[in-house]
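Report on the following structure.
Derivation of every value follows stated rules applied to the coordinates shown; laboratory data play no part. A quick note: this is a predicted structure, and the numbers were derived from the prediction, not measured. Here the Cβ is made from the backbone with ideal geometry for all residues, glycine too, and neighbour counts use every protein chain on show.
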Amino acid sequence: MKERQDAWTEENDLLLAETVLKHVREGSTQLNAFEEVGDRLNRTSAACGFRWNAVVRHSYEKDLQLAKKHRKQRQRALGKNQPVKKQLLYTPPTPSLEEFADEFPLLTSESTSVRQEVKMPQYSSPRPTLTLDSVISYLQSLGNSSFGIEALKSENERLKKEKNEILLKNEELQKKITQLEQNSANIQEDYETLMKIMNRARKLVLFEEEERPATTFKMDRNGNLEKLAE
């Protein structure tokens, strides 16, 4: 039976990351990777999944995107343009009857013999049989359900954080746009005022040149030009 282990080492995180990336790259599922790491580290797949989504994944986002890209390229190379069912790279070991009996003592032969003495109720329809595979499947579904809830909570928190960051950035950009529009309006107003001043100055210069009388000169005895008084 897997025991609770709270401390994660760097080696554990590295093993988790490498295994998840390998499964994604080869077309398997992340859940299948969590099961493999859980068996290797004696942890539950739900614990491995929560560790990946809450801590480890943030350091391997680029590697995860590359792994997904590699998976798509691999499917194209095989001519699989349509979505295909993901293959599983790892099959969890099936516990022996002895191990199962240790974890569920109520299902041992001794307990079964005691229960056989109790009169069982009569069923109108055939009573479903309890098999080892059905018990394992039920326990795995409980673990997967717990993992799914934790993963959704983590993803929800991440999306909320991204949403707040986008809203803040959008607000900052809106303020910059408003400031630029105001500056543009001020520049346009200053330009129009400057053009009016220049046009007025040009008209004044032309007016003065038209009003100014022509200057006359005369030559003295030495051959020099002398300006006549107006």
Self-check item: ³J(HN,Hα) computed for each position of region 35-51 - Karplus, 6.51 cos²θ - 1.76 cosθ + 1.60, integer Hz, glycine/proline x
Solution: 5, 5, 5, x, 5, 6, 9, 6, 10, 7, 5, 5, 5, 5, x, 5, 4
Quiz item: When you count, for each residue, the other Cβ atoms within 10 Å and take the mean per peptide, how do 48-61, 158-171 rank with the highest first?
Solution: 48-61, 158-171
